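Down below is the structure, laid out as structure tokens.
Quick note: the coordinates plus some simple rules give every number you see, no bench work behind them. Just so it is clear, the structure is predicted and the values come from calculations on it, not from any experiment. Reconstructed Cβ throughout: ideal geometry from the backbone, glycine too, with neighbour counts over all protein chains shown.
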Amino acid sequence: MSTQRGNSSRTRPQKHKNQTAFKNTLHDTSHRTKIINSIEVKDVCSRCKDVIEWKIKYKKYKALTQPKTCVSCGQKTVKQAYHVMCIECGKKLGKCTKCCQGKEVIKALPERKRRTFRRYMDKKEKEGISKEELKEDLLMKLETLKVEDSDSEGHFDLDCDDSVSEEEL
Ligand SMILES: [Zn+2]
Ligand SMILES: [Zn+2]
């Protein structure tokens, strides 16, 4: 290595370095690519957002030529490629318009509860619970979070409180 002891920065530049980050407009400056690049992925859960954004970046994205039928209302109201539910239904049902899971709800939780939820999820994962079980469990957990949200704001005390550090427990 070309680093000196106690000096974490390189003394010599890396031999082969990518000059720029991957750009899908490098060899293709077509109008279509520009339009697709400008698409704002929304009304989906973070996972589906990643999937669609990946498709856009690596030019796997295929825009719809005509609206698709929404799986929820049955109308030809789906205008975004890869989405199966229209925006209206997604909003109404609080679901991701691509995978139709209620994951969107996580984002709607207040930051503190979201952290509690994440911690709970991590804990369950460490316990080696199966994916299917975990899903069931998380959905239930989410329900309790929502219920407590509307019923007893301020009395939210789950297995761990933010004011108490893990070590103290
Ligand atoms: Zn719909
Ligand atoms: Zn999704």
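For the modelled label position 7 Å from the Cα of F22 along Cα-to-Cβ, which residues of the stretch 42-74 have backbone nitrogen atoms closer than 16 Å?
50-62
Out of L64, G90, Q80, whose Cα points farthest toward the positive end of the dipole of the stretch 31-104 (charges: +1 Lys, Arg; -1 Asp, Glu; placed on Cβ)?
Positive-most Cα among the choices belongs to L64.
Under the rule of at least 5 residues apart or a separate chain, name every residue whose amide H is placed under 5 Å from the amide H of A81.
L64
Just need the relative contact order of the stretch 34-87 here, percent rounded to a whole number, with Cα pairs under 8 Å and 6+ apart.
24 percent
Between T33 and R118, with labels modelled 7 Å along Cα→Cβ, what's the label distance in nm to one decimal, could you check?
3.5 nm
At q = 0.15, 0.17, 0.25 Å⁻¹, what is the base-10 log of I(q)/I(0) for the stretch 31-104 according to the Debye formula with one equal point scatterer per Cα and no solvent? Please give it to two decimals.
-0.47, -0.60, -1.13
What's the exposure ranking of L138, L64, L93, going from fewest to most Cβ atoms within 10 Å? Show your work: numbers first, answer last.
Working: L138 18, L64 12, L93 15.
Listing L138, L64, L93 from fewest to most nearby Cβ atoms yields L64, L93, L138.
Need one number: nm distance between label points at S130 and V71, each 7 Å from Cα along Cα→Cβ, rounded to one decimal.
2.3 nm
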